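Trainee: Okay, handing you the structure first.
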Amino acid sequence: MKNKFIIKINEKWCKGCNLCIEFCPKNVLELKDAKAKVVSPEDCIGCYICEYRCPDFAIEVNKVEEEVPVGSEKTNKR
Amino acid sequence: MKTELAKKYLRLEKLPTLWCSGCGHGLILSSLLRALYLLNIEKDKVAMVSGIGCSGRTPGYVDVHTLHTTHGRAIPFATGIKLMKPEFYVLAVMGDGDCAAIGGNHFIHAARRNIDITAIVYNNGIYGMTGGQVSPTTPYGAYASTAPYGQLEEPFDIVELALGAGATFVARSSIDEIPKLDRLIADGIKHKGFSVIDVITICPITFGRRNKLGEDPMMNLRWVQDITVPMKKAKDMSKEELKGKWITGIFRDEDKPNLIDLYLELNKKLKHSMVDESSKEGVEDVRRQDET
Ligand code: SF4
Ligand code: SF4
Ligand code: SF4
């Protein structure tokens, strides 16, 4: 199953430098009103490049832990 | 996730930083904080010292023991801290002017004496805060407010300077080599002895604007990509091709006695011999000696 990621932008700290947007390999981000905005979170591959390229600690990517239903194959294996 | 790791060491209430949009200093800071995380160092075991300039603001944002000192004097203050608190990891963060101009003498002598501190140079080749004057690392031909027709002097090579002066860990990287830079800084911090990490960075506002790169951080970053060459690649390049380029990588990593350890050992030895003497001559004499 495809991993999901939540991307958070701290607008108070973002200075709209454009670096995360330039480096994101999947064009997940865009610059709007001088701030980075998430436009297509479903395309995010969780490479964390945007976090490494941000000079202002303003972008955070976190993997969404999928809830596995009790009794499914996965939980039984553990 | 990576940001979260760095945030552990930040004084969150002090952010956003005062640095301009896209300034490379924030990239070095975040790399440095991840290096502390990689080494799993407790906050109260780190002291960070800076001089004056845009780089000088760094300690203000970091939740460790911090000191913002006078121009070019990060290293002497760091040396003092290390002598009093040898168990601390002591970091001196400096700009290129700070390190190689007004602090140049401190820099070479700390290298010669192999003082166990880590010097991180935010090398953007300009005095950013004071209006874009030439610094000792401004590239030949680059424009600055004090070089309106282009810089006529050759820049200092901070790595060569450190090597020549005897530093025992010497490396160069750039803000384009993140996250490799995290590891490099961690190696420098771990190293026992004087460590120098020269980080090529950007000042879009006072350097970029004057040098046809504009204020766009991406254009400035491309310029960094253009002027840096990894050591491996540089091996196959001619001297001509390497002109005006900064080679990145680890240039030296060697074990050698460092002054702090030598001094503390000597101290211990002398104290012991004093105690031995005192058992012969009587405690009173030693007391008198101590007072003089
Ligand atoms: S993690 Fe990678 S793909 Fe996702 S937004 Fe950041 S740079 Fe783009
Ligand atoms: S890199 Fe950081 S500061 Fe720059 S636009 Fe992206 S989130 Fe904002
Ligand atoms: S003047 Fe230059 S070095 Fe100083 S904060 Fe602005 S971009 Fe950074």
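The values are calculated or read from the model by the stated rules, or taken from the named source; none is laboratory data. A quick note: this is a predicted structure, and the numbers were derived from the prediction, not measured. Here the Cβ is made from the backbone with ideal geometry for all residues, glycine too, and neighbour counts use every protein chain on show. Heavy atoms of the whole protein, side chains included, go into the accessibility calculation; ligands, DNA and RNA do not. Shrake-Rupley method; radii C 1.70, N 1.55, O 1.52, S 1.80 Å.
Trainee: Pull out all pairs, ordered by first then second residue, where Cβ-Cβ is under 6 Å, the residues are six or more apart or on different chains, the first lies in the stretch A:50-61 and is facing chain B (nearest Cβ under 7 Å), and the second is among the aliphatic types (A, V, I, L, M) and part of a loop (DSSP other than H, G, I, E, B).
Mentor: Matching pairs, first to second residue: A:Tyr52/B:Ile178.
Okay, residues lined up against (1) under 30 Å from A:Lys15 (Cβ atoms); (2) open to solvent by 100 Å² or more (accessible area, probe 1.4 Å); (3) among the hydrophobic types (A, V, I, L, M, F, W, C); (4) not assigned by TED's automatic domain parsing to the domain that holds B:Gly80:
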residue	(1), (2), (3), (4)
B:Lys212	yes, yes, no, no
B:Asp226	yes, no, no, no
B:Pro230	yes, no, no, no
B:Met237	no, no, yes, no
B:Leu264	no, no, yes, yes
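Trainee: For the stretch B:143-157, check the following and say yes or no: at least one residue is more than 16 Å from ligand 3 (Cβ to nearest atom), under 17 Å from B:Asn258 (Cα atoms) and open to solvent by 40 Å² or more (accessible area, probe 1.4 Å). It would help to see each step written out before you state the result.
Mentor: If we filter the stretch B:143-157 for residues that are more than 16 Å from ligand 3 (Cβ to nearest atom), which is where we start, we get B:147-157.
When the remaining residues are screened for being under 17 Å from B:Asn258 (Cα atoms), the result is none.
No.
Trainee: Please determine whether any residue of the stretch B:68-75 is part of a helix (DSSP H, G or I) and open to solvent by less than 10 Å² (accessible area, probe 1.4 Å).
Mentor: Looking only at the stretch B:68-75, we keep the residues that are part of a helix (DSSP H, G or I), and these are B:74-75.
Next, from what is left, pick out any that are open to solvent by less than 10 Å² (accessible area, probe 1.4 Å): B:74-75.
Yes, the stretch B:68-75 has at least one match.
Trainee: Any chance you could count how many residues in the stretch B:28-64 are farther than 20 Å from B:Asp182 by Cβ and part of a helix (DSSP H, G or I)?
Mentor: Matching residues across the stretch B:28-64 total 5.
Trainee: Looking only at the stretch A:29-39, how many residues end up being near ligand 1 (Cβ under 9 Å from one of its atoms) and surrounded by fewer than 21 Cβ atoms within 10 Å (Cβ to Cβ)? Quick ask: steps written out before the conclusion?
Mentor: Initial filter on the stretch A:29-39 (near ligand 1 (Cβ under 9 Å from one of its atoms)): A:29, A:38.
Remaining after also requiring surrounded by fewer than 21 Cβ atoms within 10 Å (Cβ to Cβ): A:38.
Total meeting the criteria: 1.
Trainee: Looking for something more than 16 Å from ligand 2 (Cβ to nearest atom), within 14 Å of the chain's Cα centre (by Cα), closer than 24 Å to B:Lys256 by Cα and away from every other protein chain (no Cβ under 14 Å) - is there at least one such residue anywhere in the stretch B:56-73?
Mentor: no
Trainee: Ok, one more. Between residues in the stretch A:6-35 that are at the interface with chain B (Cβ under 9 Å from one of its Cβ atoms) and residues that are more than 11 Å from ligand 1 (Cβ to nearest atom) and of a type in the set (Ser, Thr, Tyr), which pairs lie under 8 Å by C-beta distance while being six or more apart or on different chains?
Mentor: A:Lys15/B:Ser21; A:Gly16/B:Ser21; A:Cys17/B:Ser21
Residues checked against (1) open to solvent by less than 80 Å² (accessible area, probe 1.4 Å); (2) in the same structural domain as B:Val46 (by TED's automatic domain parsing); (3) modelled with pLDDT of 95 or more; (4) closer than 30 Å to B:Tyr89 by Cα:
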position: B:His191; (1), (2), (3), (4): yes, yes, yes, yes
position: B:Asp198; (1), (2), (3), (4): yes, yes, yes, yes
position: B:Ile202; (1), (2), (3), (4): yes, yes, yes, yes
position: B:Leu221; (1), (2), (3), (4): yes, yes, yes, no
position: B:Ala234; (1), (2), (3), (4): yes, yes, yes, no
position: B:Phe251; (1), (2), (3), (4): yes, yes, yes, yes
position: B:Ser279; (1), (2), (3), (4): no, no, no, no
position: B:Val283; (1), (2), (3), (4): no, no, no, no
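Trainee: Just to be sure I understand, how many residues within the stretch A:1-52 are within 16 Å of ligand 3 (Cβ to nearest atom) and either among the charged types (D, E, K, R) or at pLDDT below 95 (or both)?
Mentor: The total comes to 1.
Trainee: Does B:Asp98 qualify as being open to solvent by less than 10 Å² (accessible area, probe 1.4 Å), in contact with a strand residue (DSSP E or B) (Cβ under 9 Å, 6 or more places away or on another chain) and either within 16 Å of ligand 3 (Cβ to nearest atom) or of a type in the set (D, E, K, R) (or both)?
Mentor: Values: open to solvent by less than 10 Å² (accessible area, probe 1.4 Å): yes; in contact with a strand residue (DSSP E or B) (Cβ under 9 Å, 6 or more places away or on another chain): yes; either within 16 Å of ligand 3 (Cβ to nearest atom) or of a type in the set (D, E, K, R) (or both): yes.
Here the answer is yes, as B:Asp98 does meet what is asked.
Let's see how each residue does on (1) open to solvent by less than 10 Å² (accessible area, probe 1.4 Å); (2) out of contact with any helix residue (DSSP H, G or I) (no Cβ under 9 Å at 6 or more places or on another chain); (3) within 7 Å of chain A (Cβ to nearest Cβ); (4) without any contact (Cβ under 8 Å) to a residue 40 or more places away in the chain:
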{"residue": "B:Leu15", "(1), (2), (3), (4)": "no, no, yes, no"}
{"residue": "B:Asn40", "(1), (2), (3), (4)": "no, yes, no, yes"}
{"residue": "B:Lys43", "(1), (2), (3), (4)": "no, no, no, yes"}
{"residue": "B:Val46", "(1), (2), (3), (4)": "yes, no, no, no"}
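Trainee: Run A:Ser72 past the list (1) open to solvent by less than 50 Å² (accessible area, probe 1.4 Å); (2) modelled with pLDDT under 95; (3) at the interface with chain B (Cβ under 10 Å from one of its Cβ atoms) and report the number of the one that doesn't hold.
Mentor: Condition (3) is where A:Ser72 drops out.
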